[in-house]
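The values are calculated or read from the model by the stated rules, or taken from the named source; none is laboratory data. Keep in mind the model is a prediction, meaning the values are calculated, not measured. Positions of Cβ are generated from backbone atoms using ideal geometry, with glycine treated the same way; all protein chains shown enter the neighbour counts. All accessible areas refer to the heavy atoms of the entire protein, side chains included, with ligands and DNA or RNA removed. Shrake-Rupley method; radii C 1.70, N 1.55, O 1.52, S 1.80 Å.
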Amino acid sequence: MDFSPGTDSPAMAEERELPAYAAELKGQNDALRTALNHSRNAFLIVEPDGRFSFANRQAEALLGYDAEELSLMSVSDTLPADDQARGLAEFRRVLAGDRLLQDWSLVRKDGARINVEIYSVLLPSGKVLGELRDVTEIRRNAAELEQYRHDLERLVEERTAELGRNRSLLQALVDHTTAVVFVKDLEGRYLSINRRYSELFHVSNEEMRGRTDLDLFPPEAAEAMRAADREVLAVGAAREYEEVVPHDDGPHTYLSLKFPLYGDHGQAYAVCGIATDITERKRLEMELEARRAEMELLGHRHVAAQTAAAIAHELNQPLVSVSAYSEAALSMLAGGTKSPEKLAHALRGAVEQAHRAGRTLHELLDFLHKGDVVSEPVDLNVVLRQALASAAGSGSGEFRQVVELAGDLPPVLANRVQVEKVLVNLLRNGVDAMVAAGSPVSVVTVQSRQVEDMAQVMVQDSGPGLDPETARRVFEPFFTTKPRGMGLGLAISRALIEAHGGRLWLDLDSGQGARFFFTLPFAS
Ligand code: ADP
């Protein structure tokens, strides 16, 4: 069989020699062609030698040739070189009477490849009718779909593998953690336990499945655990519980974090627990607490001893003087003194020293007195002026005052007497330091202002300031560098300010002199 156009086929010759009586047939033939031209599919009629004898409009459009060009072509002209042999073989099958529905790749006039589904059937005339459907798009879509399906499969495979890896990572974590991990269903039956659980309670995961806490622990402990599980399920959130669990070596305390597990539809189906043994931590905490209480007691004893020492120190000197004056008076009386003046002097000395001892004792008690404290809205600037007047009039030393008070300072919530005590103490300390250092110019600067939501007071002197060691210890009770100091002023002042909700501190970068600050909260 030859595919190339060549000599006229018998059929074509027959058509050319149509007898006149066949005019009607010709009419029908034309009608058929018109019908074919209006069909949506492409049709080709092929001579037994492979040449095209008819092509409808769709076939022309599909292949890119017009009818005239096609009439000079054969099937082989539309087939790619590598498909010629198959084309010939299949064409022969159709000529032999087979009806074939096959996919072909054809070459258009412009060289483009198109995918075509061809239904080929042998006509009674011995010619072959081919109905062509362009399936380029469909096949491409199918190929894309196939690729998509393939990609999807690969993705699912990858995700499944990843899930598997995550699952085993999770399992490894759960198995190797030192925490006890368990999952119980809504009725409290165990679904799973980790390795640590198995080791501690000598029970395997399989043995534990379906059992409850009552099978393992005393009823009281088991009921407490069940109550916790129920609570977690009821609140639908994670909660921590301290659970006491009997062990081979006695009861252990566990800190158990429990939380509900939810299924795909948002229904809780289990309680998961992660429990860590905090027995040792608890023991340490208790030991620490006991130590702290011990230290506190020691501290109190220390303060008591120091206070007693301070009292003894303050009273010792006047008592020594009292006894010296009294002894002198006694010996004068025993010697029958002729000078009642001298006797009176000795007795006056004794009385004076006794009064001094009494005053010292009162001062000390005043200082230590805490009593009931009434706080009220107080104008801090007024208290500052009173304290300055009191310090200036105490006769401890002359000083110049620089007063910078905030005009619009809201009232603070404080005990007026205590705040004044603190201020007087700060001012006296400044004056003491300036007097002791023999400062040529004694200036005390007092400032009040608002800093954020607190009132802040500054007291600065022009004395020598504090060396680092002194600065470090000024707030310690009984720390003093003064020969007659008690070292309680700053300790008590700080305690008073802190009891008000404020702070008292020494500014270490004050430059010249010492600079103290304290804060107090506002009344509203
Ligand atoms: P006391 O005044 O009885 O010594 P305080 O607690 O008030 O007790 O003060 C403790 C010590 O802090 C003082 O002895 C002094 O060394 C030091 N100090 C306090 N204020 C000043 C100051 N303005 N300048 C220098 N040193 C100070």
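Below is a table of values for the structure above.
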{"quantity": "Qualifying residue in the stretch 20-36 (condition: open to solvent by 30 Å² or more (accessible area, probe 1.4 Å), within 19 Å of Ser120 (Cβ to Cβ), in contact (Cβ under 8 Å) with a residue 40 or more places away in the chain and not β-branched (Val, Ile, Thr))", "calculated": "no"}
{"quantity": "Failed item in (1) within 43 Å of the chain's Cα centre (by Cα); (2) within 11 Å of the ligand (Cβ to nearest atom); (3) without any contact (Cβ under 8 Å) to a residue 24 or more places away in the chain, with Pro468 passing the rest", "calculated": "(2)"}
{"quantity": "Condition met for Gly511 (over 18 Å from Gln401 (Cα atoms), open to solvent by less than 20 Å² (accessible area, probe 1.4 Å) and not charged (D, E, K, R))", "calculated": "no"}
{"quantity": "From the options Thr445, Thr519, residue that is open to solvent by less than 40 Å² (accessible area, probe 1.4 Å) and touching a helix residue (DSSP H, G or I) at 6+ places or on another chain (Cβ under 9 Å)", "calculated": "Thr519"}
{"quantity": "Verdict on Asp432 being open to solvent by 20 Å² or more (accessible area, probe 1.4 Å), near the ligand (Cβ under 8 Å from one of its atoms) and either out of contact with any helix residue (DSSP H, G or I) (no Cβ under 8 Å at 6 or more places or on another chain) or not small (Gly, Ala, Ser) (or both)", "calculated": "yes"}
{"quantity": "Residue that is modelled with the lowest pLDDT [pool: residues in the stretch 509-524 that are assigned to a loop (DSSP other than H, G, I, E, B) and within 8 Å of the ligand (Cβ to nearest atom)]", "calculated": "Gly513"}
{"quantity": "When residues of the stretch 446-486 are limited to those that are assigned to a strand (DSSP E or B) and in contact with a Ser or Thr (Cβ under 6 Å, 6 or more places away or on another chain), the one nearest to Arg385 (Cα to Cα)", "calculated": "Val457"}
{"quantity": "Identity of the residue in the stretch 336-366, touching a helix residue (DSSP H, G or I) at 6+ places or on another chain (Cβ under 8 Å) and of a type in the set (Val, Ile, Thr), that ends up modelled with the highest pLDDT", "calculated": "Thr337"}
{"quantity": "Hey, Ser76 closer than 28 Å to Ala143 by Cα and either part of a helix (DSSP H, G or I) or open to solvent by 60 Å² or more (accessible area, probe 1.4 Å) (or both) or not", "calculated": "yes"}
{"quantity": "The stretch 79-89, residues that are closer than 19 Å to Leu100 by Cβ and part of a helix (DSSP H, G or I)", "calculated": "Asp83, Gln84, Ala85, Arg86, Gly87, Leu88, Ala89"}
{"quantity": "Identity of the residue in the stretch 54-73, open to solvent by 20 Å² or more (accessible area, probe 1.4 Å) and small (Gly, Ala, Ser), that ends up modelled with the lowest pLDDT", "calculated": "Ala67"}
{"quantity": "Given (1) surrounded by 14 or more Cβ atoms within 10 Å (Cβ to Cβ); (2) β-branched (Val, Ile, Thr); (3) part of a helix (DSSP H, G or I), index of the condition Ile114 fails", "calculated": "(3)"}
{"quantity": "One residue from Val181, Val174 being part of a helix (DSSP H, G or I) and of a type in the set (A, V, I, L, M)", "calculated": "Val174"}
{"quantity": "So Pro124, is it modelled with pLDDT under 95 and part of a loop (DSSP other than H, G, I, E, B)", "calculated": "yes"}
{"quantity": "Selected residue [within 16 Å of the ligand (Cβ to nearest atom), open to solvent by 20 Å² or more (accessible area, probe 1.4 Å) and not aliphatic (A, V, I, L, M)] from Glu404, Glu452, Glu420", "calculated": "Glu420"}
{"quantity": "Qualifying helices (runs of 4 or more DSSP H) (wholly inside the stretch 189-247; at least 1 residues being more than 20 Å from Thr279 (Cβ to Cβ) and open to solvent by less than 30 Å² (accessible area, probe 1.4 Å))", "calculated": "205-208, 219-235"}
{"quantity": "Residues (open to solvent by less than 40 Å² (accessible area, probe 1.4 Å) and part of a strand (DSSP E or B)) located in the stretch 90-111", "calculated": "Leu100, Gln102, Trp104, Ser105, Leu106, Val107"}
{"quantity": "Qualifying residue in the stretch 481-499 (condition: more than 10 Å from the ligand (Cβ to nearest atom), of a type in the set (Asp, Glu) and more than 30 Å from Ser375 (Cβ to Cβ))", "calculated": "no"}
{"quantity": "Test: residue in the stretch 496-508 that is assigned to a helix (DSSP H, G or I), of a type in the set (Lys, Arg) and open to solvent by 40 Å² or more (accessible area, probe 1.4 Å)", "calculated": "no"}
{"quantity": "Test for Asp461: is it at pLDDT 90 or above, in contact with a strand residue (DSSP E or B) (Cβ under 9 Å, 6 or more places away or on another chain), more than 8 Å from the ligand (Cβ to nearest atom) and charged (D, E, K, R)", "calculated": "no"}
